[in-house]
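Quick notes on the structure that follows.
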């Protein structure tokens, strides 16, 4: 089931991010400099370049893009996330944050030079997301999608041991789950390659490791929809178990490895 196709009786998973926008701003990591630099080169980001960013959250990537001097229209569906993003981007007058669902938002008549979406494309309706993104681009413009994976590395023993906490408190956890190495991650580019509007699809990976204190790591966990959607007692039990494991066996420190893929494609004419 695609993430956007939530059919349960509780909150829609992608709505959970807007419930605690300040935590999202504080805890979610920025992107590695190598990815930001490659994105800047690929899009030609700079003065006079118009960028559409889909689902910027609180602006983790937007701030870096805005620093190039490009004009950005950022479309964020969560009103609380959008409000924080406006505050974080207040120093950049060429950035506009629009509160809207991208699937329903009407783009301006003039097409964009680049369309960017970071760690959010999977939340969009797969029936329309590629087509709507491509149609917002000028011929020769660039679509850039960042995907983020949690991969093996960093404090590997901790991530093996912590599965006991998940298996106890989250019944959806597969037994013996382990993180895959980044070498096993296959870029998912089929829908971009299959679009009649796009050509020149490429994918490049960028790794980063971030070291967290116990409190900072729990903050990150509370920005993930699957953690936020756990029933209160199960979520509290899981977090307490993770805290105890970190503090008692790992000195209150954990290093997490992320693998970010930058997938790009060029808009064809017509």
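The values are calculated or read from the model by the stated rules, or taken from the named source; none is laboratory data. Since the model is a prediction, treat every value here as computed from it, not as a measurement. Please note: Cβ atoms are built from the backbone with ideal geometry, for glycine as well, and neighbour counts cover all protein chains shown.
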Answer yes or no as to whether residue 24 is under 16 Å from residue 119 (Cα atoms) and outside any loop (DSSP other than H, G, I, E, B).
yes
All conditions in (1) under 23 Å from the mean Cα position of the chain (by Cα); (2) modelled with pLDDT of 95 or more are true of residue 178 except (2)
Quick check on segment 212-227. Is at least one of its residues surrounded by 18 or more Cβ atoms within 10 Å (Cβ to Cβ), more than 30 Å from residue 131 (Cα to Cα) and touching a residue at least 60 places away in the same chain (Cβ under 8 Å)?
yes
For segment 60-156, please list each of the helices (runs of 4 or more DSSP H) lying entirely inside it that holds at least 1 residues being within 22 Å of residue 223 (Cα to Cα).
62-66, 79-88
Enumeration of residues in segment 36-69 that are farther than 24 Å from residue 84 by Cβ and free of Cβ contacts under 8 Å to residues at least 60 places away in the same chain
37, 41, 46, 47, 48
Residue check: is residue 132 free of Cβ contacts under 8 Å to residues at least 24 places away in the same chain, surrounded by fewer than 21 Cβ atoms within 10 Å (Cβ to Cβ) and under 16 Å from residue 75 (Cβ atoms)?
no
If a residue must be over 16 Å from the mean Cα position of the chain (by Cα), at pLDDT 95 or above and surrounded by 15 or more Cβ atoms within 10 Å (Cβ to Cβ), how many such residues does segment 1-38 contain?
2
Inspect all residues belonging to segment 39-54 and state whether any of them is buried (at least 16 other Cβ atoms within 10 Å of the Cβ) and in a loop (DSSP other than H, G, I, E, B).
yes
Per the list (1) more than 24 Å from the chain's Cα centre (by Cα); (2) assigned to a helix (DSSP H, G or I), residue check on residue 239 breaks on (1)
For segment 186-197, state whether one or more residues are more than 27 Å from residue 135 (Cα to Cα), in contact (Cβ under 8 Å) with a residue 60 or more places away in the chain and in contact with a strand residue (DSSP E or B) (Cβ under 9 Å, 6 or more places away or on another chain).
no
Among the residues of segment 157-166, write down those that are surrounded by 15 or more Cβ atoms within 10 Å (Cβ to Cβ) and more than 12 Å from residue 246 (Cα to Cα).
163, 166
Without any contact (Cβ under 8 Å) to a residue 24 or more places away in the chain and on the phi > 0 side of the Ramachandran plot: is that true of residue 140 in this structure?
no
